[in-house]
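The values are calculated or read from the model by the stated rules, or taken from the named source; none is laboratory data. The shown structure was predicted, so the numbers you read here are calculated from the model rather than taken from an experiment. Reconstructed Cβ throughout: ideal geometry from the backbone, glycine too, with neighbour counts over all protein chains shown.
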Number of protein chains: 2
Amino acid sequence: MQAGKPVLYSYFRSSCSWRVRIALALKGIDYETVPINLVKDGGQQGAWGRPLGSGAFSLPRLTSLPPCAQLAIIEYVEETRPAPRLLPQDPKKRAAVRMISELIASGIQPLQNLSLLKQVGQENQLAWAQKAITSGFNALEKTLRSTSGKFCVGDEVSMADLCLAPQVANAERYKVDLTPYPTIGRINKTLLAMEAFRVTHPCRQPDTPPELRA
Amino acid sequence: MQAGKPVLYSYFRSSCSWRVRIALALKGIDYETVPINLVKDGGQQGAWGRPLGSGAFSLPRLTSLPPCAQLAIIEYVEETRPAPRLLPQDPKKRAAVRMISELIASGIQPLQNLSLLKQVGQENQLAWAQKAITSGFNALEKTLRSTSGKFCVGDEVSMADLCLAPQVANAERYKVDLTPYPTIGRINKTLLAMEAFRVTHPCRQPDTPPELRA
C-alpha cells in the first residue's frame, strides 16, 4: 500500500461501499481498494467488530467504525475536498439532499440489508426486502416529484443521487416492480450513464466474481 | 399557530422527535409542538404517507418527508442557527460525530423501531429489539472509548449526544443490560442532567400520557 494514498475497504455488492466509491470518483480522488467479503465475514454485523470497517475511507483513528457510516464518510470527503460539490449551497436544498439521503440510508437500506435478511429466514427474505423497498420508494417517488430536476434535487448531482442509484440496484436485485416509480427510474437512468457511476458499479470492482462482471 | 414560529410534529416517545427537540432546546429556538401519535396513525410507515412527517421541523416544501430524516433536520438547524455548535470545527471530529450519529440513526434505531417490531410478531419483539441494540452498542462502546471525553466526541456536546440519550432510553425500555457499556452509561448520565435533555424528555411532553409522566 502506498503511503498517504487513501484506502477504501470495499465489498463490490455493498450499496454503502458503492456510494463512497462514486463520491471519490466524482471528486477525482485516487484510492487503494481493499476488498472485504461481507458474506464470508459474517455480514455487516461481523464487519463492525473488525478493526477495519468496510467503507472506513481514509479516517485513521476511525477505522473501527461501522459500514453504515456511509453518509458521514461522504460528508467528510465533501468538507475536505469541496469541488465538485455534492451538497448544494442553499441550506434548504442541502436539507432536501440530506433528507433524501437519510430516507434511503436509514429508512430503506437497513431494512433490506444482508444481516437483517439473514434474521428473517431464507423463505421470507424476498417478500421482506420487497416490502421495505416499495414502502420507502412510495415516499421517495412522492418527494422526488417536488425536489427533482435532472437529478434528485435540482439539476446538480448530489449526495442524494449517490444514495439513489445503489438503492435502485438493490431493488432490481430483489425484483421490485419499478413501474410505479417513474421519477426514480428516470433519474437512475441518467445517473448510470455518468462515468463516475459506471466505473464504480458493482459489476466492475476488483472483487466482483467473474460471473457477475459486465 | 403563530405565524413564523417553527412547528415540530412530534410524538412524545419517538427517539427521532426527541433528538430534534434537544437540538431546538440547545439552540434556544422556541417552537410549537403538534403531537402526532405514531401508534394510532399506523406507525412510522403510515406517517411517511402523511402530508406532515413527524419531525418535519419548519421545512416548508419538505413536510412530506419521513420521520427518519432526523439527522438532516439537525444539520439544517445547525447550518441556519450555528450557535451553540452541535458539530465541532475540526473535520475529523465532525466525521466522528456524524459516524456515531449514523451508527445510531441508521445502524440501531431502524432495526428496533415500532414499524419493524410489528413485522417480526409480538412474541419475537423483545428478543429482536435486544439483539439489535446490543449488537449496535457493542460497536458504539468500542468507538466511544476512543472518541469520548465528557461527551461522545471530546468535551463538547454534539449531534452524537443528541442521538445517544434517546437510544439509551430505548435500550432501557427493552430491558437491555447496560452493564457491558460503561462509557455509554457514563455519557448518558451526564446528558440527562442537562436542562436541554431534561425538558425535552419523553416523560415531559404535551402528548405524554398521565401514567408515563415524571
Inset, instruction - Determine whether residue A:162 is out of contact with any Asp or Glu (no Cβ under 9 Å at 6 or more places or on another chain) and closer than 30 Å to residue B:80 by Cβ. - result: yes
Legend entry - Only listed residue being over 23 Å from residue B:37 (Cα atoms) and touching a Lys or Arg at 6+ places or on another chain (Cβ under 7 Å), chosen from B:183, B:134: B:183
Inset, instruction - Could you list all residues from region A:66-105 that are of a type in the set (Ser, Thr, Tyr) and farther than 18 Å from residue A:169 by Cβ? - result: A:76, A:80
Inset, instruction - Just give me the residues in region B:120-131 being in a helix (DSSP H, G or I) and more than 9 Å from chain A (Cβ to nearest Cβ), in sequence order. - result: B:122, B:123, B:124, B:125, B:126, B:127, B:129, B:130
Inset, instruction - Confirm whether residue A:117 is away from every other protein chain (no Cβ under 11 Å) and either assigned to a loop (DSSP other than H, G, I, E, B) or crowded, with 22+ Cβ neighbours inside 10 Å (or both). - result: no
Legend entry - Residues that are among the aliphatic types (A, V, I, L, M) and modelled with pLDDT of 95 or more, drawn from region A:188-214: A:191, A:192, A:193, A:194, A:196, A:199
Legend entry - Output for region B:144-173, where each listed residue is free of Cβ contacts under 8 Å to residues at least 60 places away in the same chain, more than 19 Å from residue B:20 (Cβ to Cβ), of a type outside the set (S, T, N, Q) and outside any helix (DSSP H, G or I): B:149, B:150, B:155
Legend entry - Of all residues in region A:170-205 being assigned by TED's automatic domain parsing to the domain that holds residue A:129 and touching a Ser or Thr at 6+ places or on another chain (Cβ under 7 Å), the one that is surrounded by the fewest Cβ atoms within 10 Å (Cβ to Cβ): A:183
